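FYI, it's all coordinate maths here, none of it is from the lab. Small disclaimer: the values here were computed from a predicted structure and weren't measured. As a convention, Cβ positions derive from the backbone with ideal geometry for all residues, glycine included, and neighbour counts pool all protein chains shown.
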Amino acid sequence: MLTKGPLSCILAAVLLATPALSQNVRGVAPENVEQALYKVSGDTWTCLDKSKTIPASAINDDYCDCPDGSDEPGTSACPNGVFYCENKGHIPSYIKSYRVNDGVCDAECCDGSDESSGLIKCDNICKEVGIQYRKQKAELDAIVAAGATTKREWIAYGQTKEKENQIRKAQLEEEIAVLRKELEVLQKSEDAARSQEKEARNTYATLHGSSGSSKCPPCKTNCDAAQLKIGSLKNHIRNLQDEVDELLNLLHDMKRDHNQNYHDMAVKSAISGYDEFLVEYDNVKSERQEDVEDTQYEENLESVTEDITDGFSNEESEEDQDPKVKEAKQGKSNMISRVASLLVTKLEHILPAKVMQALPSYLSMDDAERLQQVVTDASNAVQNKHNDIDNKESELRTVNEQLDKDYGKDKEWMKLDQQCFEKDEGEYVYSICIFGHAHQKSNRDGANTSLGNFESFSGSSDANSPEYHSKQLYNHGAKCWNGPERSVKAVFECGSTTEILEVTEPEKCEYQFKMRSPAACSHIATKEEKESEARIVHQEL
């Protein structure tokens, strides 16, 4: 017993001299990591910035010893320090030390722990505040979840539309290429028609001493005209044959070069018709050549020419009054018609329907009038084809603009393209059309003022940053009186719908639209995505 007393005293002294962890240092978070910063080594303590060592008793003595203010976490002695509010039942927070014991109940410290000097009594309202906070948070979470769901739908829409635009672009480029080849054929046909018209006018002018009037004299005024018609018709057949061969070459190139991954029905129909045509074309061409070279056929033509030459004179004779003579001449005229009909029948086998539509009327009309109509029809066909190409190119430009436009990382903004939203702020109604324009309309006189047109996203200088697409800039609006051009900065936050929350004017004629939209929501993993990620992690482990 005698030895036990002195030993106990020694152990007690050792324990007192051993450094210990100070518990519940006022203004410091209760976590061990935070409290460990205030572990006392003997009778001294070192400031957290290592700039100074002070007596341990100087902690929270209401006098600022450390330059960083770390020795006074629970008082207002150091203005650059911080005070921890535990806020049980709600969310812990920090406030600046200079707000401690200042006679004001700070909202951040709902437990009232910042006011212990007795200047004011602050009730602990953390339970009520926590309930209200959790209710608002649940509502906000529901809005964010709904916005994220909508955003996923918009992403699917944007990416599908992007693929459709890429396919449509390829289709339009191929269709335009085909139309340009067709235009080349039509332009050559137009040039040939104009050349034939000019040649006919010059020929008739030479034969009849005229200056190329629109009306050619009847055949009976000059027998050479009949021969000219027959020769011209044979020449016309050869020209048409050349055009058919050229068209076949173009169709052959189209069949060989067209992109088979895109099933354009017009192209497929043209190729199918081309294949069917080739089966009979060689036989038809051979038959036509035999007919043209046939001796009897040539004799018929020559006989018609001779009959015309013998039967008509420059002036009517007395025989012309004889009914029998008239009947003979009528028979010869019918013979000419039969020869022309034979030529037309052969042409029908080798020429497209559109060409044949004009031919019968040609053979029955005055040459100059017929040729003029052919030129007009050819010119109209060329113009119509130009119009078709212009329409396709206009659509292609629209598709390219959509493909080039920044619709967000996952194309989530495409759904909002040109959609407009309004906010009535009393004196004015403000509107904005996404990727379009922004306006201000007066409720007093209805005056509409441009606030700018979409220029770019401006949430960050880094286009790859998540914040980059959170802001949009609309520039070059109407100029303010004695001020700059009006402009709008649209700032977006996550929401279940797209809307303008408020409009402010931080600087003269520089407006800020606070908005919310599903497009601005962060990605929230779905249940399926979470399960998939969990499976991947499990497999890696």
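Tabulated values for the structure
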quantity: Sorted peptide list for 408-418, 441-451, criterion being average Cβ within 10 angstrom, highest first; calculated: 408-418, 441-451
quantity: Potential extension, THR504-CYS480 segment - 0.36 nm per residue separation minus Cα distance; calculated: 7.0 nm
quantity: Loop-located trypsin sites (Lys or Arg not before Pro) in the range 77-125 whose Cβ has at most 16 other Cβ within 10 Å (DSSP); calculated: LYS88, LYS121
quantity: Ranking of ARG516, ARG180 by count of other Cβ atoms within 10 Å, fewest first; calculated: ARG180, ARG516
quantity: Cβ-defined net charge surrounding VAL144, 14 Å radius [Lys, Arg +1; Asp, Glu -1]; calculated: +1
quantity: Debye, to nearest 20: dipole size of the range 414-520, +1 on Lys, Arg Cβ, -1 on Asp, Glu Cβ; calculated: 140 debye
quantity: The range 46-63 and the range 395-444: distance between their alpha carbon centers, rounded to Å; calculated: 59 Å
quantity: Inter-part distance where the range 150-171 and the range 174-196 are each reduced to a Cα centre, Å; calculated: 36 Å
quantity: Cβ crowding within 10 Å averaged over residues, with 183-196, 419-432 ranked highest first; calculated: 183-196, 419-432
quantity: Local net charge near VAL375, Cβ-Cβ under 9 Å (Lys/Arg +1, Asp/Glu -1); calculated: -2
quantity: Charge tally in the Cβ shell below 12 Å around THR44, where Lys, Arg are +1 and Asp, Glu are -1, THR44 excluded; calculated: -1
quantity: Sites GLN132 and ASN443, calculated FRET efficiency, Cβ-Cβ separation with R0 35 Å, nearest 0.05; calculated: 0.45
